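Step one of this worksheet: look at the structure below.
The values are calculated or read from the model by the stated rules, or taken from the named source; none is laboratory data. Since we're looking at a predicted model, the values are computed, not measured. In this analysis, Cβ positions are derived from the backbone assuming ideal geometry, glycine residues included, and neighbour counts consider all displayed protein chains.
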C-alpha cells in the first residue's frame, strides 16, 4: 500500500536539451527541495538534421523520474497527478509492434525545406494556414512526412503510426499512445476551428488518418503504469497522468496569460509572443500561428528561432566582457547610436515571414564600429522581430493590458528587458515564477482533477513592470523601417 498524503502535482518538462521534474503544491507554487534534471543532446548535421534517439530520450525521462521519486519517497509525498509538457511539432514513426523506426525529428530539423515547397505547389498555403494555423514550413510535420516518404521510402513504409514524442512516452509507460489536443493542434494536420484532422492536408500526404491518434481518445489520462514502471515508481502508479501538452501553451498558463488581454513574452534560446483565448472559433491572421491549449482554448502568436541564442552567439563570437560589466555598458547606450541594421536570423525565420531561406545579415559596419555596438544592435534587432509579431497580434486581439515576460534569455538582462519595453512599446512585467512552463503543466493538471475551477484562479508571482521611454519611440520606429527595407531587399517576395 502506498503511504503519504496526496498533496502535490508532479510535472515532467521534456525540453530540447534536458528533462526536468518538479513538484508543485495545490496552491500552484513550486515546492522547494524537489527537483530532478537529466541533460541529453540531439544529433545535428550540416544538412540541417536535428534528431533525437527516442530510446535515449525515454531513458532520460525515466532517470529523471527515478530521482524525483526517491525524493518523494524520502518525504512521504505522493502526487495527486502528473502533468507533462514537451516541445511542439515533433514527430516519429512507430512500427506495428510499438518500436520506433525513425528518430524523433525536432522542429529545428530543416531538411524538409524542399518538401515544404512541393506541398505549397499541391495545396494553397494561405487557405490551409487559415484552417490549421500552421504554414507549409520544415518546422512542421507535414513537410517532414513528405521528406521521409521521398528520401527514406523503406523506413517510411515500416511506420504504422506517426506520433509526437509525448505520445510515444505514454506508449512506453502505459502501453497506450495517449495524445492531447494541444499536441496534435500544432502538427499542421489539425483544423483548429473544426477541432478535427484537416482533410485537405492529409489528402496531400502519403499517409492515412488511421496512422494518427484517434480523435475520440484524445486528452484521456492514464493511471496504470506497466508492471516494470509500476514497480520502479510505486508512488506514481494509480494516479492520473495527463497526456503531454505543448510547452508554449503551458508557458502562457504558468505566467498568468490565460486570456486575450495578457500576452506571454518568452525569450529562451528561441522566443515567442502568445495570447490564449477561450472561444468557440477564431480568425487566424496571416503571419501568426494558431494552436490549442485544449479543446476549449486557443493559443495565438508568433515564434522566433532566434532569441537568447543571438545574445549567446554575440558574447562568444565577439569575446565580450563578463555579464555584469556588459550590463553596465549596455545600460549607457542610447537606441540610435550604432548606425547598424541587423537581421538576427541565425537559425532562419519562422514568424512572421516563415522564409526557409532567410539568414542573418548586418549592414552599416564601419572601421569605428565596436563589439559592444554590434551586440547592442543585435539585441535591438531581436526586439524589432518581436515587434512585428506584436503588431499582428494587437491588430487581431487589441492592445494587451499586460505583457508578461518569462525565460532566462531576456530576464537575466535588465538592459534587454528595457529595450523590449521601448521597442514594442509596452510595459513588460517579469514573471517571477522560476519555471513558468512546468507551473503551467501543474495548473492544467489541477484544473483537470477539480482542485481548481480554472487555470486562471492561481495568479503567478510577478515583478515590477519595466515601462517604455516614450522619447525612444521614434528611434525604434525608424529602426523597424530600416530592418523591413533590408529584409525586403535580401528576401523579396
Looking at the stretch 441-465, I want the residues that are farther than 19 Å from residue 183 by Cβ and have a partner that is loosely packed, with under 13 Cβ neighbours inside 10 Å with Cβ atoms under 8 Å, at least 6 apart or on another chain. Which pairs are those?
458/27
Which numbered condition residue 243 misses (of (1) touching a helix residue (DSSP H, G or I) at 6+ places or on another chain (Cβ under 6 Å); (2) in a loop (DSSP other than H, G, I, E, B); (3) crowded, with 20+ Cβ neighbours inside 10 Å)
(1)
Any residue at all in the stretch 291-302 that's within 20 Å of residue 349 (Cα to Cα) and either at pLDDT below 95 or surrounded by fewer than 23 Cβ atoms within 10 Å (Cβ to Cβ) (or both)?
no
Condition check: out of contact with any helix residue (DSSP H, G or I) (no Cβ under 7 Å at 6 or more places or on another chain) and either modelled with pLDDT of 95 or more or surrounded by 14 or more Cβ atoms within 10 Å (Cβ to Cβ) (or both). Does residue 76 satisfy that?
no
Residue 266: under 26 Å from residue 468 (Cα atoms) and without any contact (Cβ under 8 Å) to a residue 60 or more places away in the chain, yes or no?
no
Here are some conditions: (1) within 25 Å of residue 187 (Cα to Cα); (2) modelled with pLDDT of 95 or more. Residue 47 meets all but one. Which one does it not meet?
(2)
Need at least 3 residues that are closer than 20 Å to residue 86 by Cβ and outside the structural domain of residue 348 (by TED's automatic domain parsing) per element, so show me which helices (runs of 4 or more DSSP H) inside the stretch 120-168 make the cut, counting only ones lying wholly within it.
141-151
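Is it true that residue 310 is within 30 Å of residue 369 (Cβ to Cβ), within 19 Å of the chain's Cα centre (by Cα) and modelled with pLDDT of 90 or more?
On the way: within 30 Å of residue 369 (Cβ to Cβ): yes; within 19 Å of the chain's Cα centre (by Cα): yes; modelled with pLDDT of 90 or more: yes.
Spelling it out, residue 310 is indeed within 30 Å of residue 369 (Cβ to Cβ), within 19 Å of the chain's Cα centre (by Cα) and modelled with pLDDT of 90 or more.
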Within the stretch 443-493, which residues are part of a loop (DSSP other than H, G, I, E, B), more than 20 Å from residue 22 (Cα to Cα) and touching a strand residue (DSSP E or B) at 6+ places or on another chain (Cβ under 8 Å)?
463, 464, 465
Can you tell me which of (1) without any contact (Cβ under 8 Å) to a residue 60 or more places away in the chain; (2) within 24 Å of residue 284 (Cβ to Cβ) is the one residue 122 doesn't meet?
(1)
Which members of the stretch 361-383 meet the condition of being closer than 13 Å to residue 313 by Cβ and assigned to a strand (DSSP E or B)?
362
From the options 453, 463, residue that is more than 29 Å from residue 295 (Cα to Cα) and over 20 Å from the mean Cα position of the chain (by Cα)
463
Could you count how many residues in the stretch 381-409 are under 21 Å from residue 475 (Cβ atoms) and touching a strand residue (DSSP E or B) at 6+ places or on another chain (Cβ under 8 Å)?
8
Say whether the condition of being touching a residue at least 60 places away in the same chain (Cβ under 8 Å), assigned to a helix (DSSP H, G or I) and either exposed (fewer than 15 other Cβ atoms within 10 Å of the Cβ) or outside the structural domain of residue 19 (by TED's automatic domain parsing) (or both) is met by at least one residue in the stretch 183-193.
no
Residue 303 fails exactly one of the following numbered conditions: (1) part of a loop (DSSP other than H, G, I, E, B); (2) touching a strand residue (DSSP E or B) at 6+ places or on another chain (Cβ under 7 Å); (3) closer than 17 Å to residue 267 by Cα. What is the number of that condition?
(1)
Name the residues in the stretch 46-68 that are buried (at least 21 other Cβ atoms within 10 Å of the Cβ) and either farther than 25 Å from residue 143 by Cβ or not assigned by TED's automatic domain parsing to the domain that holds residue 233 (or both), would you?
61, 64, 65, 68
What number of residues in the stretch 332-345 are under 18 Å from residue 389 (Cα atoms), part of a loop (DSSP other than H, G, I, E, B) and either touching a helix residue (DSSP H, G or I) at 6+ places or on another chain (Cβ under 6 Å) or not assigned by TED's automatic domain parsing to the domain that holds residue 389 (or both)?
1
Could you say whether any residue in the stretch 378-393 is over 30 Å from residue 112 (Cβ atoms) and surrounded by fewer than 18 Cβ atoms within 10 Å (Cβ to Cβ)?
no
Let me confirm something: among 319, 329, which residue is at positive phi, outside any strand (DSSP E or B) and in the same structural domain as residue 482 (by TED's automatic domain parsing)?
319
Would you be able to say whether some residue in the stretch 278-295 is closer than 26 Å to residue 164 by Cβ, in contact with a strand residue (DSSP E or B) (Cβ under 9 Å, 6 or more places away or on another chain), outside the structural domain of residue 188 (by TED's automatic domain parsing) and part of a helix (DSSP H, G or I)?
no
Check the stretch 86-97 and report whether any residue there is closer than 30 Å to residue 156 by Cα, surrounded by fewer than 19 Cβ atoms within 10 Å (Cβ to Cβ) and in contact (Cβ under 8 Å) with a residue 24 or more places away in the chain.
yes
